[in-house]
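Please read the structure below before turning to the comments.
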């Protein structure tokens, strides 16, 4: 089983290739907002260096944001092309759920938590999740607040905004970790009852404006 993973939702482009759970290749491209130029050529190079064709890929796993308008448009369009031309299976997961899964699976914490994501336009996107040992689910729909109006409270936060980086009860991670995304896709395939009921084959982006 060959999985191609990539995240175009942020300023940087992250790509990884897995066979089963073995990492074959990865690339982190720190070229701000150049996803449209670099995504396909970077994936081509990774596949060629591993002597793999697009027809060999069993599943593409990518993100739906919130994130960059251009990045998400490019990333999800590319996934749609592979689905149409190669019949590749697609799994598209929103960034809120990925951070909540990281908190649930790797930090092994319980309780309510706010996922806080930088919108790139002086706003923060927030979504509240409830997490216990068996599952996690979103308790509230996501909403946006301005940086100036964001108040640090006693709540636990997890996400990629600098404001929570040094808080005692909060957990910061700048970029989506594709190893976590790979594990999350495996658990979703196994129908483990830890996540909300979502159709992760729907390629619906959650845009911001940066």
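Looking at the chain, send over the antiparallel percent of its DSSP beta bridges, to the nearest 5. Before the final figure, lay out each step's value.
Working: 28 of 43 bridges.
Percent antiparallel among DSSP bridges in the chain is about 65.
Computed from Cα positions, the angle between helix 95-105 and the longest principal axis of the chain comes to roughly 80 degrees. Ranked by the mean number of other Cβ atoms within 10 Å of their residues, highest first, the peptides 54-64, 18-28 fall in the order 54-64, 18-28. In percent, rounded to a whole number, the relative contact order of the chain is 22, using alpha-carbon pairs under 8 Å and six or more apart. Helices in the chain, meaning DSSP H runs of at least 4 residues, each add -39500 (n - 2.57). Divided by all residues, the mean residue ellipticity at 222 nm is -8500 deg cm²/dmol. Taking the centroid of alpha carbons for each part, segment 22-62 and segment 86-124 are 22 Å apart. What the Cα convex hull of the chain gives, in volume per residue, is 114 Å³.
With respect to the chain, whose longest principal axis is taken over its alpha-carbon atoms, helix 69-86 is tilted by about 40°. The orientation-averaged projection of the convex hull spanning the C-alpha atoms of segment 95-172 amounts to 4.7 square nanometres. Axis of helix 178-189 versus longest Cα principal axis of the chain: the two differ by about 90°, to the nearest ten degrees.
Every number here is computed from the coordinates shown, using simple stated rules; none is lab data. Fair warning: this is a prediction, and the values are worked out from it, not measured in the lab. Here the Cβ is made from the backbone with ideal geometry for all residues, glycine too, and neighbour counts use every protein chain on show.
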